[in-house]
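Report on one structure; see the data block that follows.
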Protein chains: 2
Amino acid sequence: MAKQQSIGQYLLNQLHKRGVRHIFGIPGDYVLGFYGLIGKSPIKHIGTTREDAAGFAADAYARVNGIGAVCVTYCVGGFNVTNPIAGAYAEKSPVVIISGAPGLKERERNPLLHHRVKDFSTQKEVFEKITVAGAALDDPLTAYHEVDRVLYALDRYRRPVYFEIPRDMADASRRHTRRRESSIPLADPETLREAIAETAAMINASKRPVILAGVEVHRFGLQDSLLKLIRKTHIPVAATLLGKSVISEAHPMYIGIYEGAMGRKSVTDYVESSDCVILLGAFMTDINLGIYTANLDQGQSIYVTSEKIMVRRHSYDDIRFRDFIAALLKTKLKQRKKPKLPEMHNIGAEPKPPPDSRMTVKDLFRELDGFITKDMVVVSDIGDCLFGAVDMRIRKRTEFISPAYYTSMGFGVPAALGAQLANPKLRPLVVVGDGAFQMTGLELSTAVRLKLNPIIVVLNNEGYSTERHIADGPFNDIGLWAFNKVPDLLNAGKGFDVETQADLEWALRAALDNQETFSIINVHLDKYDKSPALARLSERLAARVKGAG
Amino acid sequence: MAKQQSIGQYLLNQLHKRGVRHIFGIPGDYVLGFYGLIGKSPIKHIGTTREDAAGFAADAYARVNGIGAVCVTYCVGGFNVTNPIAGAYAEKSPVVIISGAPGLKERERNPLLHHRVKDFSTQKEVFEKITVAGAALDDPLTAYHEVDRVLYALDRYRRPVYFEIPRDMADASRRHTRRRESSIPLADPETLREAIAETAAMINASKRPVILAGVEVHRFGLQDSLLKLIRKTHIPVAATLLGKSVISEAHPMYIGIYEGAMGRKSVTDYVESSDCVILLGAFMTDINLGIYTANLDQGQSIYVTSEKIMVRRHSYDDIRFRDFIAALLKTKLKQRKKPKLPEMHNIGAEPKPPPDSRMTVKDLFRELDGFITKDMVVVSDIGDCLFGAVDMRIRKRTEFISPAYYTSMGFGVPAALGAQLANPKLRPLVVVGDGAFQMTGLELSTAVRLKLNPIIVVLNNEGYSTERHIADGPFNDIGLWAFNKVPDLLNAGKGFDVETQADLEWALRAALDNQETFSIINVHLDKYDKSPALARLSERLAARVKGAG
């Protein structure tokens, strides 16, 4: 028999037990009661300027901490987190959404209460589409079990889940008998054995295997298993873009990011000429595949994810990712001689331009590569800042965060808050385009209140520049902001205006010294400049078109 | 046989025919082809900093113009407009959403294309929950008819509709045979006759009837019919909060806003003592009913909306709002002697405080009441700015815009763009809280690009003050911005910092003279100050609790 707790308290306790120490969000009248409960719990509430920013922050928090949470009011709050939650779903980030709702008593006779859209269930029905499980905690008889069931789904699938609490239910309670854990559907041991045997045989028979590590290695906490596998076999490893930094990019067996034509040629050649590509927790998205310029032979691949295990062209059903990796590590695998690897490209070693030369995307990331330290987490927004950041070498692991599949603009600045709250030892370096900063960058307001000290580098090229390279038009133009003046508006922070190499070096030094508050560096770039990765993609696509003509 | 147009062109032509002259939104790769078509059409694209701002702007545009449109990319764009579209649904504002989507060819073999969430249909399924009709235009055989069908639903219900265009379909075409209009379900003439007869008899038999006009009078374009009805009968009229300004507030038969305990006592008494309340197009929401402090007797009411027609406690089904009003105007109704009406409260006539007195919410709205001209549209955000704005007298009609039912914060500034684009003769005066401004206020960036000149009055009381009066806690605190410095960030506009009455008068004069660009007035208020309407509500609720004790 558990101690009698209200439904709201029970939910908070379960979240705390799983590692939630901060809940992001904005209050509203339907959720004020639950906010009161947060105030009395050991979990801290973090207010943001906008709900979507709270969603992005919770997502980044989950990526660093293993679980994150966001708490909003009914509809006007809930609908504002649909985009970040859809992104967390797409990229498997375990975020708990908690929403207030009108009280059950108030709903009698179906009145038009404020914030209501169609039916009282409309919001819940929407979240069913973008979460892996959810429950309206509207009955004290079942609510405790529903909390258990839904959080079990989060643990199992590492994807967002949804709770809705009618405002007269947060404080309701009933003695809670803990239900036995749902029996976990385990793979048939024979199936697992067969899959492992075939996998091991294929790896052992191969001449030049390579591992392609993806983001699920992080989501399921298998970074150490990956290292063990490499140590045990001496198989080299590349990472997908979304998986960047699941392994330290300074690891001696690491060869770089694989992303088809967008990647470095040496990495692409190494992976594509392998006779056994072991994809671990990698999503085969268009972005990870360099807009489908990747050229992997399924007949020579082993594809292991939480959703699917495939050897060559056949699949083994219902084997869990974690179980497969554990079994693989226990199997006899040949240890090879350490192969000759392509040299890791070191952009930091490229020559510096003269101090008075105007900034380019390439020079910016060369400089940032030398600037980042082991105590930093690099958070990238979407666009050429992401393509440019690919070439930065992340020294430790899981210190590169970006929405590289769902690619929602505006992720960067709010995500930096989440990452730094999840691990206060990490200082965020955010790279973000001017268009994306205009969406959510003023969330720095919250960094000020929390005394966080992210360094924000704005790639200011006067518009949606990645799109300019696809189809240009006046719709890619945006307003011109003096981003370095943000500190004046927020009464805090330091701003820098950068035109040249010398400006940048000075600004980065000053930002590093500015420990107390945020720094924002407004880097003026040519409207049509692009990163080497974007240039590589354009070239290869052009060559392909030519070859076809 | 219509001229051969592509699906995208046909949609744009149909929108243009219905009055769409501007489409708000942000491009993305899945919708770039359609953006190209907009560029070649007579409709102008208006880029915003964020998609939700585009949604709010399109909503306000629809409120002024009769129809509005927003165009976004798949998922990362679409999910960001769910909140404004849910609001437009709740408050019946006819907004067309157009979203790009992955091409049909790309979807073969179900790949993980960027922005995808669960299935390719996920976004469409979400919008089904918050629109009145929708279609994926994925088949040239049916697409043209689908456009017709969906836009017919918009015309009929004045609520948002949804179109999704796979990117390889925008340019697809097929000769289009125009389908005959779906036969409109008309009411049985006998039912309409009976309803009108009963209504007319009840009105004619009443001693002191009163009309309560709601926002549907505007949505269905029945403002002139309302005036005719008043002229014909000499029945006085009040408005709901959401319906504020469906009739000029200077009209001699207008008595004010009815909203239960939140309203002026004279109006509440007049309406509640009437023996025949004719509710025309009024939503009976909790906000319109003064958080259910309203006291209307259903047995003495006639309730006419687009959804329902009720006389006392029985309803007549499927009679259209417009048909009912037209029939009522043709019926014999008694013309009364002009009744003695409660005097319209004139806050502008209240005494001015001394020039050096610190600003209060009450004094602010007294001053604004005298400030607004016939060429202004007042746009209110949510919170005490709305409660305060209730007392302002709007001189013309439909020149007060606010989301008074759905109450989504952050509506104000983007809505001002939409309103001014829909009618360039109107200069927006926006009243907005500091919390709401932090959500979407930087959309002023777009006002700069479009050379619009709204005047923004920020009620700066350091947090979510309406909530402070319900349940206070640190979660109601927000970052402190120097709102008057926004012009520095945006390289345009004029900012004013207001502490006293004299400051305000000076700032308003200067803002009025600043015709070229936006003005922002940062009005510092006490953290716990409140408007007279909010004070009235608190008092009455307190009295009620006391009475019950």
Selection from the stretch A:422-435 of residues that are surrounded by fewer than 24 Cβ atoms within 10 Å (Cβ to Cβ) and touching a residue at least 12 places away in the same chain (Cβ under 8 Å): A:Ala422, A:Asn423, A:Lys425, A:Leu426, A:Arg427
Residues (more than 14 Å from every other protein chain (Cβ to nearest Cβ), crowded, with 24+ Cβ neighbours inside 10 Å and outside any strand (DSSP E or B)) located in the stretch B:395-420: B:Glu399, B:Ala415, B:Ala416, B:Gly418, B:Ala419, B:Gln420
Residue match in the stretch B:449-462 (condition: within 14 Å of another protein chain (Cβ to nearest Cβ), at pLDDT 95 or above and more than 24 Å from B:His22 (Cβ to Cβ)): yes
Positions within the stretch A:99-147 being surrounded by fewer than 18 Cβ atoms within 10 Å (Cβ to Cβ), more than 10 Å from chain B (Cβ to nearest Cβ) and out of contact with any strand residue (DSSP E or B) (no Cβ under 6 Å at 6 or more places or on another chain), in sequence order: A:Lys105, A:Arg107, A:Glu108, A:Arg109, A:Asn110, A:Asp139, A:Pro140, A:Leu141, A:Thr142, A:His145
Where A:Trp506 falls short, out of the listed (1) within 28 Å of the chain's Cα centre (by Cα); (2) under 16 Å from A:Glu367 (Cα atoms); (3) not basic (Lys, Arg): (1)
Filter pass, B:Gly33 being in a loop (DSSP other than H, G, I, E, B), in contact with a strand residue (DSSP E or B) (Cβ under 9 Å, 6 or more places away or on another chain) and within 12 Å of chain A (Cβ to nearest Cβ): no
Those residues of the stretch A:229-254 which are closer than 15 Å to A:Val304 by Cβ and of a type in the set (D, E, K, R), in sequence order: none
Selection status of B:Leu386, part of a helix (DSSP H, G or I), in contact with a strand residue (DSSP E or B) (Cβ under 8 Å, 6 or more places away or on another chain) and more than 14 Å from every other protein chain (Cβ to nearest Cβ): no
Matching residues in the stretch A:399-416 - criterion: being more than 15 Å from A:Met439 (Cβ to Cβ) and aliphatic (A, V, I, L, M): A:Ile401, A:Ala404
Any strands (runs of 3 or more DSSP E) falling wholly within the stretch B:208-321 and containing at least 3 residues that are among the hydrophobic types (A, V, I, L, M, F, W, C), touching a Leu at 6+ places or on another chain (Cβ under 8 Å) and buried (at least 21 other Cβ atoms within 10 Å of the Cβ): B:209-213, B:237-239, B:276-280
Candidate set from the stretch A:60-79 (those that are of a type in the set (A, V, I, L, M, F, W, C) and within 14 Å of chain B (Cβ to nearest Cβ)); member that is farthest from A:Arg159 (Cα to Cα): A:Val76
Residue selected from the stretch B:3-30 under the condition in a helix (DSSP H, G or I) and under 11 Å from B:Ala170 (Cα atoms), by the criterion nearest to the other protein chains (Cβ to nearest Cβ): B:Tyr30
Candidates A:Leu368, A:Leu386, A:Leu364, A:Leu333, filtered to the one that is surrounded by fewer than 22 Cβ atoms within 10 Å (Cβ to Cβ) and either of a type in the set (A, V, I, L, M, F, W, C) or free of Cβ contacts under 8 Å to residues at least 40 places away in the same chain (or both): A:Leu333
Qualifying positions in the stretch A:188-214 - at pLDDT below 95 and either in contact with a Lys or Arg (Cβ under 7 Å, 6 or more places away or on another chain) or of a type in the set (S, T, N, Q) (or both): A:Thr191
Subset of the stretch A:343-379 (residues that are closer than 20 Å to A:Val430 by Cβ and among the polar types (S, T, N, Q)): A:Thr360, A:Thr373
Residues of the stretch A:36-45 that turn out to be more than 12 Å from chain B (Cβ to nearest Cβ) and either on the phi > 0 side of the Ramachandran plot or among the β-branched types (Val, Ile, Thr) (or both), as a count: 1
Residue match in the stretch B:430-442 (condition: part of a helix (DSSP H, G or I), away from chain A (no Cβ under 12 Å) and more than 18 Å from B:Glu51 (Cα to Cα)): no
Checking A:Lys124 against (1) of a type outside the set (S, T, N, Q); (2) part of a helix (DSSP H, G or I); (3) modelled with pLDDT under 95; (4) over 21 Å from the mean Cα position of the chain (by Cα), the condition it does not meet: (3)
Count of residues meeting criterion [farther than 26 Å from A:Thr305 by Cα and among the aromatic types (Phe, Trp, Tyr)] in the stretch A:319-364: 0
Residues being in contact (Cβ under 8 Å) with a residue 24 or more places away in the chain and crowded, with 18+ Cβ neighbours inside 10 Å - total across the stretch B:469-483: 4
Residue list for the stretch B:484-533, filter: surrounded by fewer than 18 Cβ atoms within 10 Å (Cβ to Cβ), outside any helix (DSSP H, G or I) and away from every other protein chain (no Cβ under 13 Å): B:Glu499, B:Thr500, B:Asn514, B:Gln515, B:Glu516, B:Asp526, B:Lys527, B:Tyr528
Any chance B:Gly479 is within 14 Å of chain A (Cβ to nearest Cβ), small (Gly, Ala, Ser) and at positive phi: no
Yes/no for B:Thr48 being within 12 Å of chain A (Cβ to nearest Cβ) and over 15 Å from B:Ala415 (Cβ atoms): no
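The values are calculated or read from the model by the stated rules, or taken from the named source; none is laboratory data. Small disclaimer: the values here were computed from a predicted structure and weren't measured. Methodologically, a virtual Cβ is constructed for each residue, glycine included, from the backbone with ideal geometry; neighbour enumeration extends over all protein chains shown.
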